[in-house]
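Worksheet for the structure shown next.
The values are calculated or read from the model by the stated rules, or taken from the named source; none is laboratory data. Since we're looking at a predicted model, the values are computed, not measured. Positions of Cβ are backbone-derived with ideal geometry, glycine not excepted, and every protein chain shown enters the neighbour counts.
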Amino acid sequence: MDKIYCYHCMSYHRPESMRQVTTRAGLRWRCIRSIEAARNTTDARDAFGARQTELNRSRSIAEQERIMREYRRPDYRC
Ligand SMILES: [Zn+2]
């Protein structure tokens, strides 16, 4: 048996596709593919979060500007 047990997939992979990672349970072997997949998921989530934050900010700025315009609108009633 020249394969290493991957705690993430709960199966065996070839040693060249494995990396040792530190988990709460100590040093464990995990395959690069699952590490990369998790990293991509995190990146995508971060990008999504940043986009949402940006969207919310631009929305609230637009809302503020609208309120200010309404507030400053001159009253021509005489
Ligand atoms: Zn794996």
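Is it the case that some residue within region 20-29 is touching a residue at least 24 places away in the same chain (Cβ under 8 Å) and within 16 Å of the ligand (Cβ to nearest atom)? Yes. Scanning region 10-46 for residues that are surrounded by 10 or more Cβ atoms within 10 Å (Cβ to Cβ), of a type in the set (A, V, I, L, M) and over 21 Å from the mean Cα position of the chain (by Cα) returns a single hit, 18.
If you go through region 30-47 and keep only what is more than 8 Å from the ligand (Cβ to nearest atom) and modelled with pLDDT of 95 or more, you end up with just 32. What do you reckon, is residue 50 loosely packed, with under 14 Cβ neighbours inside 10 Å, among the hydrophobic types (A, V, I, L, M, F, W, C) and either within 11 Å of the chain's Cα centre (by Cα) or away from the ligand (no atom under 16 Å from the Cβ) (or both)? Yes.
Of all strands (runs of 3 or more DSSP E) completely enclosed by the chain, which ones contain at least 1 residues that are touching a strand residue (DSSP E or B) at 6+ places or on another chain (Cβ under 9 Å) and hydroxyl-bearing (Ser, Thr, Tyr)? So that I can check it myself, show each step before the final result.
Values: elements: 4-6, 11-13, 18-23, 26-31.
Correct list: 4-6, 11-13, 18-23.
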